[in-house]
1. Label points 7 Å out from Cα along the Cβ direction at residue 121 and residue 50: separation in nm?
2. With θ set to phi - 60°, apply the Karplus curve 6.51 cos²θ - 1.76 cosθ + 1.60 along the range 135-149 and write out the HN-Hα couplings as whole Hz, x wherever there is a Gly or Pro.
3. Any idea how far apart residue 30 and residue 16 come out in nm if each label point goes 7 Å out from Cα toward Cβ?
4. With every protein chain kept in place and ligands, DNA and RNA left out, what is the accessible area per residue of the range 105-167? Probe 1.4 Å, answer in Å².
5. Starting from the amide H of residue 127, placed 1.01 Å from N in the peptide plane, find each other amide H under 5 Å away whose residue is 5 or more places distant or on another chain.
6. Work out from phi, with θ = phi - 60° and the Karplus expression 6.51 cos²θ - 1.76 cosθ + 1.60, the ³J(HN,Hα) of each residue of the range 92-101, listed in order in whole Hz, and give x for Gly and Pro.
Amino acid sequence: MISIDNWRHIPMIVEDNFLDEQDFLDVKKYFNDKSVIDDMLHDIARDKLYKHRLQLKNYINNPRCEHSDNPDECFWNVLLVNHSPGTIKDLHRDSSWKLLSSVLYVSDNGDGTTFRNKLENEIQIEWKPNRIVSFIPSDDSWHKYSNTLESDRLTVLFNYGNRVSVDKIL
């Protein structure tokens, strides 16, 4: 299921069961050996997440959306991230080069991402394994995350960027 939620001026897509069952099992199995799943993750980013970018850019007035969406002029940055218990990432906005930020929840349990809008209201996205949250970083896309559990918080971060955005948007 894909839902586009324009929650108080922070358009985002929350999609459950993002990966096919076998792909998700492979991500979990090989989480500590990215070389085994790196090509698969980049293919997924190019084939599935690019559509999130195109859907969201219609909901936001942001200079980042004016850059080319041509995949030949852009790049994907894919990171496997293990947040140990007690990890806290304070409220922040993403880097200016990012045209789309997506986080895939991998571990069985975890604390979801918390977003804050202009009115300083907060909403926490519920953690579900194989759920992805995508948004276009902007002046209003403040968010934070933490790991309050006794187990590791495993995520895959997908970031889409256009090389010219680094120079034009600071």
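The values are calculated or read from the model by the stated rules, or taken from the named source; none is laboratory data. All of these numbers come straight from a predicted model, not from anything done at the bench. Glycine gets a Cβ as well: all are built from the backbone with ideal geometry, and neighbour counts include every protein chain shown. Ligands, DNA and RNA are stripped out before the accessible areas are found, and what is left, the full protein with its side chains, is counted by its heavy atoms. Shrake-Rupley method; radii C 1.70, N 1.55, O 1.52, S 1.80 Å.
1. Roughly 3.6 nm, to one decimal.
2. Coupling constants for the range 135-149: 7, 8, x, 8, 4, 9, 9, 5, 7, 8, 8, 8, 10, 9, 8 Hz.
3. Label-label distance for residue 30 and residue 16, simple model: 2.8 nm.
4. 44
5. Sorted by chain and number, the residues that satisfy this are 112.
6. 7, 10, 7, 4, 5, 6, 7, 9, 7, 10
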